[in-house]
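Colleague: Let me begin by handing over the structure; questions about it come next.
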Amino acid sequence: MIHADLHVHTTFSSDSTVLPKMLVQQLVTNSFVKVAAVTDHDTTRGYGSTRQLASAYPDILIIPGVEISTQQGDIIVLGTEEMPLQPWTVENVVDFARERDCVSIVAHPFREYGMGNLAKNYQVDAIEVLNGGSSPAANKSAQELAKLMGLPGVGGSDAHQPAEFCTAYTDIKASMNVDEILKAIKRGLVSVPSLGKSIRF
Ligand SMILES: [Zn+2]
């Protein structure tokens, strides 16, 4: 079992103050969460520098990813160092993820830039049911959406500042290996510790 913050922004997102070295330092000092996904807005460039810095520490792992802004709402792709081709429609992003064995996740569906119930129209792999920046009510609606769609629910802090890192995370039945983690998410081998209670999907 690993614990992973699956939604973190570095300074490669214009609205984040988390330098890649700060993210690495957070993972090094955190004794519980040793895995994080870099999910910058519309760029995968944050991953390269973060991974390079992280390579000095064998007990931490960085998952490549991106949070893509579509007209319908934000969608996270985990496992890619490349960007999908434009236009970034939800269909294109979901197809891109599937073709590359990546994981597509509807980010904070019931918050600003979330796709809400439109998510039901797309073949995504998972729903972000716990977002560190969303209200409890918005997270609860996201949990209900995941149950309704029969999809795994994942959690991430959506950190834009170092102090926000790890305010939400996902328990994953996998070892410290990106491919294994991606497969485990798709197979639903995840749970989200929330409000003192572990929610299983
Ligand atoms: Zn985000």
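The values are calculated or read from the model by the stated rules, or taken from the named source; none is laboratory data. All values derive from a computational prediction rather than experimental measurement. Cβ coordinates were reconstructed from backbone atoms using ideal geometry, including for glycine residues, and neighbour counts include every protein chain displayed. Calculation scope for accessible area: heavy atoms of the full protein, side chains included, ligands and nucleic acids excluded. Shrake-Rupley method; radii C 1.70, N 1.55, O 1.52, S 1.80 Å.
Colleague: State whether region 136-190 is rounded, prolate or oblate according to the following rule on the C-alpha gyration tensor (a ≥ b ≥ c being the square roots of its eigenvalues): a/c under 1.5 gives rounded; otherwise a/b larger than b/c gives prolate, and the remaining case gives oblate.
Modeller: In terms of gyration-tensor shape, oblate.
Colleague: What is the local net charge at residue 165, summed over the other residues whose Cβ is closer than 14 Å to its Cβ (Lys, Arg +1; Asp, Glu -1)?
Modeller: For residues surrounding residue 165, the net value is -1.
Colleague: Here's another thing I want to ask about it. So how far apart, in nm, are the two label points at residue 100 and residue 177 if each is 7 Å from Cα heading toward Cβ?
Modeller: For the pair residue 100/residue 177, the computed spacing is 2.1 nm.
Colleague: Also, quick follow-up: Rounded to the nearest 20 Debye, what is the dipole magnitude of region 1-146 about its Cα centre when Lys and Arg each give +1 and Asp and Glu each give -1 at the C-beta?
Modeller: 320
Colleague: Based on the mean of other Cβ atoms within 10 Å per residue, sort peptides 144-150, 20-26 so the most packed one is first.
Modeller: 20-26, 144-150
Colleague: How much of the DSSP beta bridge set in region 42-156 is antiparallel, as a percent to the nearest 5?
Modeller: 60
Colleague: Could I ask something else about it? What does the highest-first list of 55-62, 71-78, 5-12 look like by mean Cβ count within 10 Å?
Modeller: My ranking of the peptides, most packed first, is 5-12, 71-78, 55-62.
Colleague: Can I ask one more? Suppose the chain between residue 69 and residue 56 were pulled fully straight at 0.36 nm per residue; how much longer would it get relative to their current alpha carbon spacing?
Modeller: Roughly 1.5 nm would be gained on extension.
Colleague: Multiply the residue separation of residue 45 and residue 28 by 0.36 nm, subtract the distance between their alpha-carbon atoms, and state the gained length in nm to one decimal.
Modeller: Full extension of this stretch gives 4.0 nm more.
Colleague: Still on this structure, I have one more. Under a cut-off of 24 Å between alpha-carbon atoms, report the lysines in cross-link reach of residue 21, not counting same-chain residues fewer than 8 places apart.
Modeller: Cross-link targets: 34.
Colleague: What's the whole-number percent of alpha carbon pairs in region 81-161 lying beyond 22 angstrom?
Modeller: Every Cα pair in region 81-161 considered, those over 22 Å come to 24 percent.
Colleague: Have a look at 66, 122, 189 and report the one farthest towards the positive end of the charge dipole of the chain, computed about the Cα centre with Cβ charges (Lys/Arg +1, Asp/Glu -1).
Modeller: The Cα lying farthest towards the positive end belongs to 189.
Colleague: In addition: For the chain, rounded, prolate or oblate, judged on the Cα gyration tensor with a ≥ b ≥ c (square roots of eigenvalues), a/c < 1.5 rounded, else prolate if a/b > b/c?
Modeller: Since a/c stays below 1.5, the shape of the chain is classed as rounded.
Colleague: Need one word for region 1-48: rounded, prolate or oblate. Basis is the Cα gyration tensor (sqrt eigenvalues a ≥ b ≥ c); a/c below 1.5 gives rounded, then a/b vs b/c decides.
Modeller: Verdict is prolate for region 1-48.
Colleague: Restricting the count to DSSP beta bridges whose residues both fall in the chain, what percent are antiparallel, rounded to a multiple of 5?
Modeller: If we restrict to bridges inside the chain, about 50 percent are antiparallel.
Colleague: Hey, another quick one. Rounded to a whole number, what is D in µm²/s for region 22-108 from Stokes-Einstein with the Kirkwood radius over alpha-carbon pairs (37 °C, 0.692 mPa s)?
Modeller: For these conditions, the coefficient is 244 µm²/s.
Colleague: I would also like to ask the following. Can you give me the % of accessible surface on region 1-103 that is carbon or sulfur? Probe 1.4 Å, all protein chains present, nothing else counted.
Modeller: 50
Colleague: I'd like the Karplus ³J(HN,Hα) series for region 66-74: coefficients 6.51, -1.76, 1.60, θ = phi - 60°, whole numbers in Hz, and an x wherever there's a Gly or Pro.
Modeller: With coefficients 6.51, -1.76 and 1.60, one gets 7, 10, 9, 7, 10, 5, 7, x, 7 Hz.
Colleague: Still on this structure, I have one more. Between the DSSP loop rule and a limit of at most 15 other Cβ atoms within 10 Å, which trypsin sites (Lys or Arg not before Pro) in region 56-114 are left?
Modeller: Here the sparse-neighbourhood loop sites are 100.
Colleague: Something else: So what is the relative contact order of the chain, in percent, for Cα pairs below 8 Å that sit 6 or more residues apart?
Modeller: About 21 percent, as a whole number.
Colleague: Separate question: When the helix-only estimate is applied to the chain (DSSP H runs of n ≥ 4, each -39,500 (n - 2.57), divided by the residue count), what is the mean residue ellipticity at 222 nm, nearest 500 deg cm²/dmol?
Modeller: So the helix-based figure for the chain works out to -8000 deg cm²/dmol.
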